[in-house]
Amino acid sequence: MKFLTYSAILLLFVSTLFGQEIFSPRDAGETPNRTYDVLHYKIEATLFEQTKSVEGNATITLVPLMPALTTARFNAGEMTIKKVSVGGTPAQFHATSSEVSVELGKKYSQRDTVLVSIAYSCTPRLGLTFNGPDSAYPSKRLQIWSQGEDTTNHFWFPCYDYPNDKATSEVIGTVNSKFVFLSNGKLVNVKEDKKKGTKTFHWKEEKPHSSYLIMIAAGEFAVLKDRVGKLPLEYYVYPNDTANARETFRHTPSMISFFNQTIGFDYPWEKYGQIILQDHFGGMENSSATTLSDNWAVPEKRARLDVDPRSLIAHELAHQWWGDVVTCKDFRHVWLNESFASYYDPLYFEYVSGRDEFDLMMYQGQQAGIVVDTTKGRKPIVSVESYGENVYPRGASVLHMLRFLLGDDLYHRAIKHYITKHQFQPVETNDLKVAIEEATGQNLQWFFDQWVYKAGHPNFELSYAWNETAKNLALRVKQVQRQDSLTGIFRMPVEIEATTATGSETHRVGVVTADTTFTLPCSQKPMLVIFDKGNWLLKELKWEKPAEEWRYQAASAKNPIDRIRALQALAPSLENASVIADRLLHDPFWGVRREAAARSGSLAAVSDTMKPALRAALLQASHADTKPSVRDAAVSALRFFKGKDVAESLHRSLEDSSYNVMSSALRSLVRVDSANAAAILRAYLDYPSRLNGVSNTALSSLASLDSSFALSVAVQRTAYGQINSTRYTSLGIIRRYGRGNALAIQTLVHLLTDKNDAVKTNAAQILGDIGDASVIPALEAVPSDAGGGFYLLSSSTAKAAKASIEKIKKRSEQKK
């Protein structure tokens, strides 16, 4: 699953996230004890889009796990239970707002198979979204779609709604006859009732999967057909955008072929369907039928310069193996779903785009895993409500290190054994460890202890000396990270490469202590020493190297991450401007050129002396580089320069084909051409672009020049009816500039009752930052279930309101 949140849009509330995707399940603790094993769900549901309601019947086939089962309890959120039968005989039941308890009528043992049928109706608050036009959003598409992860499917059908049970399923869905209806598995038949104006679609999934992976989606779609071998592929797209959608999904066959070969376990489901949806958070890997955000999966042609949907497509597809075939037993072990998908996505990019792309993606993931240790505090990957950065990029980094430790052959053999052994089963982390040990003979308890069950990462301080007499290299490796019960001394193999005038030599050594000096043969004085050749390890590095070697590394290191590290080391020194400018213009890999542009900006920010050496390179790269991300970084760096030529260049960048470059030009003009910037920004307040990215940037930038005017516009643009990215940008401006503004405070209070849960939660949080005691009654009036604990939100509206009340009261006490 990938969460492409509006926080991410504003960072631009994972960059796309590595989502990222931030995962915060409402109940990520242990799953309950099971009293039965579900074999099959048969869900008959009629969906009423006008009333946003469901009339349904769920028949659950189960086998007791107890010797004398007399009662079966099912999760059933806020449903009206009409009647229940067991084996066709009416049964007694007791229903609450969260479950239905069924009296089975007699004792059943493990040898019995029991059919429980539950007739129900509901108007789901969670788990099933009914989208459609209203007076504020008249062009919104009429769509219905489910979202089961983590445990919200029980709001639209009764079930055992935890991941530690798997069952086959069938869904018989009746919808408006103008709709197409998608669910898991194979389409058995479609029946139309012209008198009622409905169609009934019968889908059947014959492979067992967890209940949260059962899905439905309905709306007006064109269905594009494709195949890979004998496997049918279906793309549910908007009828007026089929050509653009084909461009997105055309990579799916090659992705499936790649994963089949790399994983060693062929795609197992009856079909693979992908459906795009409005207001979807990103992507969800329902078995055989993935739901995707239309904004992220199918951007319009110009927006594709800044947004590559292949990562989202590959990530969700990888989940069909990692998360669907093998599924975490409880959400403490969700990394077994998300980290695997977050690793196999970059592996696909290596396959189609080369090792440099893969190395950059892994480096970015490693950095995310490092940063979270500082910003949020260290936390094990396997823990209750572990950070999104842990279960996505950090976990992918752990798999990358596991591959390095074992080697490619053993790694792939072990992963194939793991998925083959546990196919269609719920798993926990120890299952992975044991499967790897069975396939390789390696004892990996130490590896899982330090990287998965504990936290932190090694922080290396490195230095070396070459001994001309002995013809060897003495490399000192110190681990200086904080040590406690969570983090110790890390044990890992590492490769060290020494490059001399006659070539390169690589040595594999084992780091096992806090301070070790490795003595390695080296016949000549090295021009370059690389620690962790290939950048396999999750780590921080502090190298004591001469500037001459860093310059050589920036120009000549084979791995782009080593060149990036060199630029980071060189940037603080004024004498290295020419090297950075050279890499900006001439490095063969765009990721290094982008880093050089960023470092040019940071160097120029502190040094007037070196600006001439950097100016020409940035001006050239801002227009000539073929990669929009490099042009974007160059345009952003130009904000540290002055002059007519820079202003003219930035004005020219306002005509760039990339929306991101345009946005950076607007931000840079605030500093470079301050006299004219306000008028320029006002002219772009209504510029049409993907997710209003350009106009939102114009408004945010204008706030730094004319906060009063920008605040007045922001207050208007928080209104229900604006697109969500604009609402979030506007809320950010209110947070920064709204303190003491009565209209801004009044607007936030009004938003506490907005139809958008995320807007409500943000409004409650901002009131805690800028509100006073007068807003406490409004915060106290927020219903206790407001926001519903929706999995996308880091906290519900009710929790945010409570926290804000405490914050305001504490502030008031401090003033006394």
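The values are calculated or read from the model by the stated rules, or taken from the named source; none is laboratory data. Here the structure is a predicted model, which means the values were calculated and not measured. Here the Cβ is made from the backbone with ideal geometry for all residues, glycine too, and neighbour counts use every protein chain on show. Note: accessible area is taken over every heavy atom of the protein model, side chains too, but ligands, DNA and RNA are not part of it. Shrake-Rupley method; radii C 1.70, N 1.55, O 1.52, S 1.80 Å.
Cross-link list K471/K558; K2/K140; K558/K642; K166/K376: which exceed 27 angstrom alpha carbon to alpha carbon?
Among K471/K558; K2/K140; K558/K642; K166/K376, the Cα-Cα distance tops 27 Å for K558/K642; K166/K376.
First compute the accessible area of the chain with a 1.4 Å probe, then give the percent of it belonging to carbon and sulfur atoms.
Answer for the chain is 49 percent, counting heavy atoms of protein chains only.
How large is log10 I(q)/I(0) at q = 0.17, 0.19 Å⁻¹ when the Debye formula is applied to the Cα atoms of the range 39-99, each weighted equally and without solvent?
Taking Cα atoms of the range 39-99 as identical point scatterers yields -0.71, -0.87.
Note the full-extension length gain between T502 and K191 as 0.36 nm times their separation in residues minus their Cα-Cα distance, in nm to one decimal.
104.5 nm
Where in the range 185-204 does the amide nitrogen come within less than 17 Å of the point 7 Å from the Cα of K178, taken along Cα to Cβ?
Within reach of a label on K178, which here means backbone N under 17 Å from a point 7 Å along Cα→Cβ, the range 185-204 contributes 193-200.
Which pairs, out of K82/K194; K301/K627; K178/K199; K611/K644; K83/K204, put more than 19 Å between their alpha-carbon atoms?
Table pairs above 19 Å Cα-Cα are K82/K194; K83/K204.
Mind listing the phi-derived Karplus ³J(HN,Hα) values for the range 532-539, rounded to whole Hz, using 6.51, -1.76 and 1.60 with θ = phi - 60°, and x for any glycine or proline?
Residue by residue, the range 532-539 yields 6, 4, x, 6, 7, 8, 7, 6 Hz.
Can you list the residues, at least 5 places off or on another chain, whose amide H is less than 5 Å from the amide H of N286, using H built in the peptide plane?
Correct list: T291.
Pop a pseudo-label 7 angstrom from the Cα along the beta-carbon direction at both E780 and K421 and give the gap in nm to one decimal.
Simple spin-label model gives 5.8 nm for this pair.
On full extension of the chain, what length is gained from K478 through L574, given 0.36 nm per residue of separation minus the C-alpha to C-alpha distance?
The K478-L574 span can extend by a further 31.7 nm.
When you have a sec, figure out the Kirkwood radius of the chain from all distinct Cα pair distances and drop it here in Å to one decimal?
28.9 Å
Can you tell me which of 759-766, 657-664 comes out highest on packing, and rank the rest after it, using the mean Cβ neighbours within 10 Å?
Top to bottom by mean Cβ count within 10 Å: 759-766, 657-664.
So what does Y453 come to for accessible area, using a 1.4 Å probe and Å² rounded to 10?
The value for Y453 is about 80 Å².
Calculate the spin-label point distance for N430 paired with S139, positioning each point 7 Å from the Cα along the beta-carbon direction, and give it in nanometres.
5.6 nm
Compute the distance in nm between two label points, each set 7 Å from the Cα along the Cα-to-Cβ direction, one at A683 and one at T374.
Going from the A683 label point to the T374 one covers 4.0 nm.
Which residues in the range 145-168 place their backbone N less than 20 Å from a point set 7 Å from the Cα of E206 along the Cα-to-Cβ direction?
166-168
Please work out the C-alpha center-to-center distance from the range 172-210 to the range 450-492 and express it in whole Å.
58 Å
What is the calculated FRET efficiency for N240 to E55, with r their C-beta to C-beta distance and R₀ = 30 Å, to the nearest 0.05?
E(calc), rounded to 0.05, equals 0.40.
Only helical DSSP H runs with n ≥ 4 go in: add -39500 (n - 2.57) per run for the chain, normalise by residue count and round the 222 nm mean residue ellipticity to 500 deg cm²/dmol.
About -11500 deg cm²/dmol.
Separation of the range 359-412 and the range 62-104 by C-alpha centroid, Å?
One Cα centre to the other: 42 Å.
Could you give the length gained by full extension between A547 and D37, i.e. 0.36 nm per residue of separation minus their alpha carbon distance, to one decimal place?
177.1 nm
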